[in-house]
Amino acid sequence: MSREITRIGVVGLGTMGAGIAEVFARSGYDVVGLDANETAVERGRGHVEGSTDRAVKRGKLTEEERAEVIGRIRFTTDYADLADRQLVVEAVPESLELKREIFEQLDKVVEPDAILASNTSSLSVTEIAVATARPSQVIGMHFFNPAPVQAFVEIVSTVVTSPDVVEDVQEVAQSLGKLPVVVGDKAGFIANALLFGYLNHAASMFETKYATREDIDAAMKLGCGLPMGPLALLDLIGLDTAYEILDTMYKQGRDRLHAPSPVLKQMVTAGLRGRKTGRGFYTYEAPNSPVVVPDALTPSAAQDGSVATRPVEKVGVVGSGTMAVGIIEVFAKAGFDVLYVARGDDKVGKVRTGLERSLDKGVARGKLSEADRDAALARVSGTTKLDDMADRDLVVEAVVEDLAVKTVLFESLDEICTKGAILATTTSSLPVVDLAAATKFPQDVVGLHFFNPAPVMKLVEVVSTVATADDVVATAVDVCRRLGKHPVTCGDRAGFIVNALLFPYLNDAVKMLEANYASADDIDTAMKTGCGYPMGPFELLDVVGLDVSLAIQRTLYLEFREPGFAPAPRLEHLVTAGYVGRKSGRGFRSYDG
Ligand code: NAD
């Protein structure tokens, strides 16, 4: 039978500790919060007051409840005040030396049967445990940031943690309304092991100026439905903490993708530690404020409207698939004159029918008036002759993802279109520059990577090659804005922004499953309830298709020659076996029909 735990201690009242103290107090626990000195204690109290104040404003807490919550936390700098605590959660900075010292001290003050937990994100809980005389009562209790919001808790059980202790801590976590998952003592556990490679890669994209911070963040929010972009998330986590986590993960796994991006170290050294110091990748109104204020990096040069754009009214779309139909709809609804080319009259008719059906759906859902539907349809006409593209200002190609087919198409368009017309490809995986090289005016070729379904997804990656003219990029950005889309600009590299950041993470999840560190269900839960992802990696892989994911991962691996990008063998085997996800009825999970 497990014992009743009511008296909690929290050591370190920074980003995490203050949130953890609040979570316990909100669930009725009696809490003692300790920090190193009075200033830090006051800052910790301020965190709790600010956070509960926001909860009141959002209607999640009444004023009375707020006062009770704050009343349940006693703040101190004296370890003796922790003497009667049954469970102490440590949340001091991510340093093994410091944590070991603190555990040694805690071990001396608390009762022999008390449980000591660390909120470490990456350090070895075993190494912390052996600094005490009670290693079997030491455990990891890894909360997610912000602790009052994220429901996930990783409970880290070492080879010596007693099963009773695991059970007790699991019960405590559940009583907080959290979803605990028990994991082994490996750097990064589930969520950070999958998250930090991605965050680090995003930091390198920023460092190498592959894309602006705003564009990297917008791409992941709008392209993947993530609650925050990676750079804003790094600011929230704290760049010093992120650096330490990556460093520990790198030292344990020697995976180059975890070697902290140099920019992180530079920023930490310069005191730009993220939101907590008021400046990180972004500048904030004040330390700990979530409000971003403009700085020298705002707005991005490519998008500030300083480059004159070319006039675009007449648009051509080549193709007859889902993407082409979606793109035709988007342009027509935004008032452009659209002419599409399809191979054969039947396909021209099919595109028209597809377009009508989609617009009718919009009307049925109340998103479009009948008059707007009719006006959009009146702006669209179809042809079977590519030559009819001659008068178009912009031609967007959305034919099959095949380099040979697209190259021939660009050669033809180059002959047909007038000088100054912009040629755009919607490719998601081929080099745009190959298509540019097939024309006599490579400066007029640009990538416009729409996301499926095009009428719904707001993101468009505007891809410029080494040859693309500045005014062509500016025009593409302007056209996307006229479409009501959110354009982000990036260079011509495999995966652009979104796929380059997303697929290696999915591949890492498969590798984690392969290593039997956690189940697909636990991994999906970790990412959804720990990081607020709309879907877990295995759910997403099954929806996207394992074959599509494998193809993208192979492209990334071939382009970057990065060993960490090598496709996971399990992914290859499932594709070989024909288990490619929902569309085949089986992928990482099985589906009815
Ligand atoms: P932080 O820098 O925001 O806060 C650390 C706190 O510890 C500060 O208030 C500091 O004054 C206090 N402290 C320092 N030395 C101390 C001492 N000797 N005794 C008592 N208190 C001391 O750091 P953080 O981001 O809250 O990280 C704390 C822990 O939580 C780390 O192990 C980190 O890996 C982990 N963690 C962080 C996040 C995150 O997103 N930031 C998420 C989960 C877990």
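The values are calculated or read from the model by the stated rules, or taken from the named source; none is laboratory data. The structure presented is a predicted model; accordingly, all values stated were derived computationally and were not measured. Cβ atoms come from the backbone with ideal geometry, glycine included; neighbour counts cover every protein chain shown. To get the accessible areas, we keep the full protein, side chains included, count just its heavy atoms, and leave off ligands, DNA and RNA. Shrake-Rupley method; radii C 1.70, N 1.55, O 1.52, S 1.80 Å.
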Quiz item: Yes or no: PRO180 open to solvent by 10 Å² or more (accessible area, probe 1.4 Å) and in a loop (DSSP other than H, G, I, E, B)?
Solution: no
Self-check item: Complete set of residues in segment 27-53 that are away from the ligand (no atom under 15 Å from the Cβ) and either open to solvent by 90 Å² or more (accessible area, probe 1.4 Å) or on the phi > 0 side of the Ramachandran plot (or both)
Solution: GLY28
Exercise. Return a yes/no flag: does segment 278-293 have any residue that is in the same structural domain as TYR243 (by TED's automatic domain parsing), surrounded by 13 or more Cβ atoms within 10 Å (Cβ to Cβ) and basic (Lys, Arg).
Key: yes
Quiz prompt | Test: LEU502 is surrounded by 18 or more Cβ atoms within 10 Å (Cβ to Cβ) and within 26 Å of the chain's Cα centre (by Cα) | solution = yes
Quiz item: Which residues, counting only those in segment 229-247, are within 10 Å of the ligand (Cβ to nearest atom) and surrounded by fewer than 20 Cβ atoms within 10 Å (Cβ to Cβ)?
Solution: LEU236
Self-check item: Verdict on LYS419 being more than 33 Å from the chain's Cα centre (by Cα), farther than 24 Å from VAL488 by Cα and either part of a helix (DSSP H, G or I) or modelled with pLDDT under 95 (or both)
Solution: yes
Quiz item: Quick one: which of TYR579, TYR557 is part of a loop (DSSP other than H, G, I, E, B) and among the hydroxyl-bearing types (Ser, Thr, Tyr)?
Solution: TYR579
Quiz prompt | Top-ranked residue in segment 248-277 [being farther than 20 Å from SER95 by Cβ and open to solvent by less than 20 Å² (accessible area, probe 1.4 Å); ranked as farthest from the chain's Cα centre (by Cα)] | solution = VAL263
Quiz prompt | Every residue from segment 108-125 that is more than 10 Å from the ligand (Cβ to nearest atom) and either open to solvent by less than 40 Å² (accessible area, probe 1.4 Å) or among the hydrophobic types (A, V, I, L, M, F, W, C) (or both) | solution = VAL109, VAL110, ALA114, ILE115, LEU116, ALA117, SER124, VAL125
Quiz prompt | Unmet criterion (only one of (1) at pLDDT 95 or above; (2) acidic (Asp, Glu); (3) outside any strand (DSSP E or B)) for GLU154 | solution = (3)
Quiz item: Residue check: is THR439 surrounded by fewer than 22 Cβ atoms within 10 Å (Cβ to Cβ) and in a loop (DSSP other than H, G, I, E, B)?
Solution: yes
Quiz prompt | Of residues in segment 8-26 being touching a Lys or Arg at 6+ places or on another chain (Cβ under 9 Å) and farther than 23 Å from ASP84 by Cβ, the one nearest to the ligand (Cβ to nearest atom) | solution = GLY14
Practice problem: Scan (1) open to solvent by less than 10 Å² (accessible area, probe 1.4 Å); (2) away from the ligand (no atom under 16 Å from the Cβ) for the single condition LEU194 breaks and write down its number. | Solution: (2)
Quiz item: PRO146 passes all but one of (1) more than 10 Å from the ligand (Cβ to nearest atom); (2) assigned to a loop (DSSP other than H, G, I, E, B); (3) open to solvent by 40 Å² or more (accessible area, probe 1.4 Å); which number fails?
Solution: (1)
Quiz item: Failed condition for VAL56, given (1) among the aliphatic types (A, V, I, L, M); (2) closer than 25 Å to ASP168 by Cβ; (3) more than 9 Å from the ligand (Cβ to nearest atom), with all others met?
Solution: (2)
Quiz item: Listed residues ARG493, ARG586, ARG561; which is touching an Asp or Glu at 6+ places or on another chain (Cβ under 9 Å) and within 23 Å of ALA203 (Cα to Cα)?
Solution: ARG493
Self-check item: Single match in LEU123, LEU116 (criterion: over 15 Å from GLY9 (Cα atoms) and not in a helix (DSSP H, G or I))
Solution: LEU123
Exercise. Report yes if MET205 is more than 12 Å from the ligand (Cβ to nearest atom) and in contact with a helix residue (DSSP H, G or I) (Cβ under 8 Å, 6 or more places away or on another chain), otherwise no.
Key: yes
Practice problem: Name the one entry in ILE139, ILE102 that is in the same structural domain as ALA25 (by TED's automatic domain parsing), near the ligand (Cβ under 10 Å from one of its atoms) and crowded, with 17+ Cβ neighbours inside 10 Å. | Solution: ILE102
